[in-house]
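One structure below.
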Amino acid sequence: KFYLHSSPIRIIDIGVQSFDSICKIAPDTIWLSFYPWFVVCLLGAFVDRMGFILQDTMSRHIHWTWWCILLQFSGMYATAAPVDERHRQDNSGHPEMLRDCITETSKLQQKIDAVHAKGGGNVFLPCGRSNVNTLLLRSGVKLVGGLQRQNTTTLNECATTVLALCQPQPYIVSLVGGAHQHTSIEGITFDCTNLIETGSAPGIKAAAIVATWSNLTGTGIALKNNIFVGIPMVSQQYHAIALANVEATVQDNYVNQSGGDALNFNNGNYTVIGNFVQRVGDGCIALNNNARGVISNNRLSSCNLGIGAGPEGTSASSAYSSPFIVANNYIEDSDYGVLLGWFAFSGMAGPLETIVTDNILLRCRSAGVRYDGDPNHVSGRVTISNNRISQTGFPATTAPNTDPAKQPAGNAIVAVALSSATISGNVLHGNNGTGITVEGDNIVVQNNVVGVVPGAPSLNPSNASVGIALIGATATHISITGNTVGGYHTLVTAAASAGSSATALVISRNTFTAIPGLHDAVIVGTPFTASAQASVTQLVVTDNIVFNGGQLVLGDSVDNRTTVVASNTYFPPLGSAARTPIFRNPSSVR
């Protein structure tokens, strides 16, 4: 039987192979664009009912290939179309299907339990589609799709192995039962159409694979080469994978849509590599509550958060001894590319010992990389390096659950309320907002290329954007060195807002290219006319090169007794007269 949206239609017996496995179609995700398909189905049913079984010289039945060809030319199209609750199938009115489901679930669960009782091993799912109730996966069991055991020594490949819920339930596979060792799920397509957000797992209402039970721990868990389709988009309670309290590898999976975090991790150590995730209403990859590890070589598209992490525990947490690494990911068309921080959870902090490096971030709406530390506690030891961030604030599409009317900031890198941070070697071009925004103490901003890459989209000079901005109430021991900055309304600002202060600030060996006619290359401090004067002490500005007549503007709040300005080179615009390179006390000259 071939089930169209779980409604049985007998077409013709095509032998030992199921129609959906041969044509590689997941029936519950089929949508039809031409009526001739219905004609074919009805014709097949009529032929079977009348007993006219087509024959050829090779088989009692017509070969399955001709049915696939006939369906194709009849105008049938298959796609993983977005699925929401309106597509959910409740088969309670089909006793035959429910009996089959119970039988299939029982067979698979018995195999899982038997392998677990023997100390672990492989459980090979049958080829084709299995409609089940929630399966309970136990320690040491490796649930394997895509292969079919022929005998004790031979394995055959399957065209596809599909697990689907036969009626609405919150989970397809649940890892349960204490400590897990070497448990894995591999090579399975999860049809998530029938997920429903009624689950009791801590923090997770609905997921294809869930392991968040409070009594569960484990090492060596692996989820690899799986496909997740049809996850409902109606709320942020729906996930593809949700894990907690374990060490796991999640690798080479594909998620075509998800209402909530597609890959959700809590309190554990995770290696997340080579996954392709798109159209997600929250985080494509989300790590929370002491989750840490390596996030690398993933492709993420159209998410609210490409990669989100935080909060962690207190500064005494053992999690801080393990670095958190985000490297070599490709993230596009999301609200945030990488968003880290403490997220205002009392007593918590953002991830420490964090490295964000060698990522490509394209068209992120609010920011490419953003880290918000806790201003009341230590947050830091962060390195943001060698990332390529382009066209922030200019998304080609709007990520799910994003307000279309929202005006994006379009900042490239934002790192605030941090201690001991390094931002180096990044290439930032064509971004709508500020290139680099920093706040805190012991911060190094060095060797970045900001806004001057040839061929980058030009910025609107009237948007008052800044190349590098030092912000916040206090900033100490800040070094801005070796950067190439251009194409912004103002290239560098430091302690330029009312009530701010900076101490031990070094701006050295940078190359600044001002926009002709806009002459503020570097602004440090505020004028006396500010409502609350800033304070700048121990300022060093040396060995910078400034093109197009850019000027260094020192506000009244700069303490001249502890300021060194020396060995800077200024070039006026071509054909223009030289201008005074340094303005002091701007309130008196403007």
Looking at this structure, is Val229 crowded, with 20+ Cβ neighbours inside 10 Å and touching a Cys at 6+ places or on another chain (Cβ under 7 Å)? yes
Flag for Gly549 being of a type outside the set (Ser, Thr, Tyr), within 16 Å of Ala504 (Cα to Cα) and either at pLDDT below 85 or open to solvent by 10 Å² or more (accessible area, probe 1.4 Å) (or both): no
Inside the range 483-492, can you point out the residues that are open to solvent by 20 Å² or more (accessible area, probe 1.4 Å) and either on the phi < 0 side of the Ramachandran plot or in contact (Cβ under 8 Å) with a residue 40 or more places away in the chain (or both)? Thr484, His489
Suppose we filter Asn544, Asn568 for residues that are at pLDDT 85 or above, open to solvent by less than 20 Å² (accessible area, probe 1.4 Å) and under 44 Å from the mean Cα position of the chain (by Cα); which single one remains? Asn544
The lone condition Gln251 fails out of (1) surrounded by 22 or more Cβ atoms within 10 Å (Cβ to Cβ); (2) modelled with pLDDT of 95 or more is (1)
Looking at the range 206-226, which of its residues are buried (at least 20 other Cβ atoms within 10 Å of the Cβ), under 20 Å from Leu165 (Cβ atoms) and of a type in the set (A, V, I, L, M, F, W, C)? Ala206, Ala207, Ala208, Ile209, Val210, Ala211, Leu223
Neighbours by Cβ (under 9 Å, 6+ apart or cross-chain): first from the range 512-529, closer than 11 Å to Phe547 by Cα; second among the acidic types (Asp, Glu) and modelled with pLDDT of 65 or more: Ala514/Asp520
Candidate set: the range 435-456, residues that are aliphatic (A, V, I, L, M) and at pLDDT 90 or above; chosen: the one nearest to the chain's Cα centre (by Cα): Ile436
Residue in the range 326-344 that is modelled with the lowest pLDDT, counting only those that are out of contact with any Asp or Glu (no Cβ under 9 Å at 6 or more places or on another chain) and open to solvent by 50 Å² or more (accessible area, probe 1.4 Å): Tyr336
Of the conditions (1) modelled with pLDDT under 90; (2) under 27 Å from Trp342 (Cβ atoms); (3) among the aliphatic types (A, V, I, L, M), Leu459 fails just one. Which one is it? (2)
Among the listed residues Ile480, Ile471, which satisfies the condition of being touching a strand residue (DSSP E or B) at 6+ places or on another chain (Cβ under 6 Å), open to solvent by 20 Å² or more (accessible area, probe 1.4 Å) and either under 16 Å from Ala421 (Cβ atoms) or charged (D, E, K, R) (or both)? Ile471
Any residue in the range 142-170 that's of a type in the set (Gly, Ala, Ser): show its pairings with residues that are modelled with pLDDT under 90 and open to solvent by 50 Å² or more (accessible area, probe 1.4 Å) at Cβ separation under 9 Å, as long as the two are six or more apart or on different chains. Gly145/Cys127; Gly146/Cys127; Gly146/Glu157; Gly146/Ala159; Ala159/Gln17; Ala159/Lys24; Ala159/Cys127
Out of (1) under 30 Å from Asp333 (Cα atoms); (2) at pLDDT below 85; (3) crowded, with 23+ Cβ neighbours inside 10 Å; (4) not β-branched (Val, Ile, Thr), what's the single condition that is false for Ser500? (1)
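The values are calculated or read from the model by the stated rules, or taken from the named source; none is laboratory data. Quick caveat, the model's predicted, so the values are computed rather than measured. Neighbour counts run over all protein chains shown; Cβ positions are idealised from the backbone, glycine included. The area values use the complete protein model at the heavy-atom level, side chains included, leaving out ligands, DNA and RNA. Shrake-Rupley method; radii C 1.70, N 1.55, O 1.52, S 1.80 Å.
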